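Asker: Take a look at the following structure, please.
The values are calculated or read from the model by the stated rules, or taken from the named source; none is laboratory data. Predicted model only: the values in this text are computed from it and were never measured. Note that we place each Cβ from the backbone using ideal geometry, even for glycine, and neighbour counts take in every protein chain shown.
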């Protein structure tokens with residue numbers, strides 16, 4: 001933790017905690033549903049200083065730092081923001097994060113830093129996520145960040161996957177003086193950040209500004225290259241690379257395996273979000289903008305992806321948007337904050353409802369979803385109460401479009417096409433040391449959702465940074 005003057009810490013903590021709480025300023029629901037712009041209205045400098053002043057600067061290690069996967073020095077950043085030293089605060093975030101402008105927007109702060117803030121005991125936590133966004137935005141506008149770069153090493157590293165893990169690994173390796181080339185199946189870098197998270201949560205402009213920073217460090221990007229199909233891991237090594245990081249994520253949509261799943265009008269969540277949120281110039285090969293979806297859209301699932309599909313549907317102009325979930329809201333795994341926003345924007349929820357069949361109309365397209373009512377039984381292995389069908393309770397829900405947002409599986413193609421690279425659990429890359437990402441093959445490291453299964457952007461980013469450090473050591477010790 002950065003040294004905070006003792007006289008500053010001597011200020012009465014109780015008094016600081018009673019500073020007025022600033023509710024996040026959101027664009028009105030009736031206006032934000034008309035476009036895909038970000039929902040949160042940014043802090044003014046004055047608002048940021050007032051909110052940062054609520055931090056009581058807990059003794060090191062502060063709970064917010066411990067809860068943050070990057071271990072950002074949040075208390076020191078709050079102090080600097082309070083004093084108006086915004087660029088200095090931003091530098092603290094850069095010390096531990098490769099994507100602070102992203103994590104400040106998309107992290108589930110209520111489960112991490114903000115959820116651990118001691119002010120929750122008596123009121124509202126410090127809004128640390130939005131203050132992180134504020135500091136980075138101010139820095140970019142007034143004093144752009146330029147990292148120190150080590151002398152060139154002449155070592156070439158390949159990165160497979162241009163999502164959060166791969167980008168973080170590239171960022172660190174470039175600063176350490178290595179040459180980096182990033183391969184990805186999509187036309188543009190970003191992975192989930194571009195092709196999964198909608199613009200109203202994370203604008204494409206925010207990500208591509210960060211990518212330009214990494215390009216300035218020397219990153220090379222090769223898109224439209226499906227590693228394992230278009231070329232193999234060994235093909236890449238044959239091009240002269242001395243080490244590799246695999247950060248391909250876990251992006252295969254889980255199937256429902258019920259009748260009618262192949263009907264026109266039934267979409268996988270990833271395909272739907274790409275076609276609904278990505279501009280034509282960077283759409284993957286074969287993807288086209290969404291057609292007319294009709295007036296009744298149902299989204300099946302209870303995670304953050306389901307919320308993203310609901311809110312995207314509302315913005316497309318669908319009149320009737322409904323989420324079908326087989327448990328109650330209390331068991332939903334997605335962000336409560338996102339659900340609240342979705343409800344404000346007009347999305348409806350139908351709980352204890354399990355689809356069992358997609359039904360075609362006379363034209364052969366989806367017309368309805370047959371469902372069965374559920375009730376909660378005993379807890380399952382996850383600790384949530386198990387949904388149990390209510391016999392004879394079948395009913396139909398009108399649906400011109402249905403979107404399956406049921407979770408994700410790993411893509412097994414790299415494991416199948418790479419000799420001696422161990423995988424497990426249907427294709428996840430197996431690592432021998434989670435702190436380095438070392439795999440069963442020398443010189444190949446891996447991290448992110450392709451190793452852990454679906455997780456957070458921030459945890460994937462941290463994994464990429466850890467592997468970059470390990471790759472640097474590997475290259476220095478390599479004979």
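Asker: Looking only at strands (runs of 3 or more DSSP E) that lie completely in segment 359-439, which have at least 3 residues being in contact with a strand residue (DSSP E or B) (Cβ under 8 Å, 6 or more places away or on another chain)? Before the answer, list the steps.
Answerer: Numbers: elements: 366-379, 385-389, 395-398, 401-404, 431-433.
Fully inside segment 359-439 and qualifying: 366-379, 385-389, 395-398, 401-404.
Asker: Run residue 84 past the list (1) in the same structural domain as residue 468 (by TED's automatic domain parsing); (2) over 28 Å from residue 281 (Cα atoms); (3) not in a helix (DSSP H, G or I) and report the number of the one that doesn't hold.
Answerer: Going through the list (1) in the same structural domain as residue 468 (by TED's automatic domain parsing); (2) over 28 Å from residue 281 (Cα atoms); (3) not in a helix (DSSP H, G or I), residue 84 breaks only (1).
Asker: Quickly run through segment 260-282 and pick out the residues that are over 17 Å from residue 312 (Cα atoms) and surrounded by 11 or more Cβ atoms within 10 Å (Cβ to Cβ).
Answerer: Once the filter is applied, which keeps residues that are over 17 Å from residue 312 (Cα atoms) and surrounded by 11 or more Cβ atoms within 10 Å (Cβ to Cβ), segment 260-282 yields 260, 261, 263, 264, 282.
Asker: Across segment 46-56, which residue is surrounded by the fewest Cβ atoms within 10 Å (Cβ to Cβ) among those that are more than 30 Å from residue 311 (Cα to Cα) and touching a residue at least 24 places away in the same chain (Cβ under 8 Å)?
Answerer: Here the residue is 50.
Asker: Of the residues in segment 179-206, how many are touching a residue at least 24 places away in the same chain (Cβ under 8 Å) and either part of a helix (DSSP H, G or I) or not assigned by TED's automatic domain parsing to the domain that holds residue 162 (or both)?
Answerer: Qualifying residue count, segment 179-206: 6.
Asker: For segment 165-177, does any single residue satisfy the condition of being part of a strand (DSSP E or B), in the same structural domain as residue 445 (by TED's automatic domain parsing) and touching a strand residue (DSSP E or B) at 6+ places or on another chain (Cβ under 9 Å)?
Answerer: No, because not a single residue in segment 165-177 is part of a strand (DSSP E or B), in the same structural domain as residue 445 (by TED's automatic domain parsing) and touching a strand residue (DSSP E or B) at 6+ places or on another chain (Cβ under 9 Å).
Asker: So residue 446 ticks every box in (1) over 25 Å from residue 174 (Cβ atoms); (2) touching a strand residue (DSSP E or B) at 6+ places or on another chain (Cβ under 6 Å); (3) in contact (Cβ under 8 Å) with a residue 24 or more places away in the chain but one. Which box is left unticked?
Answerer: Status for residue 446: all satisfied but (1).
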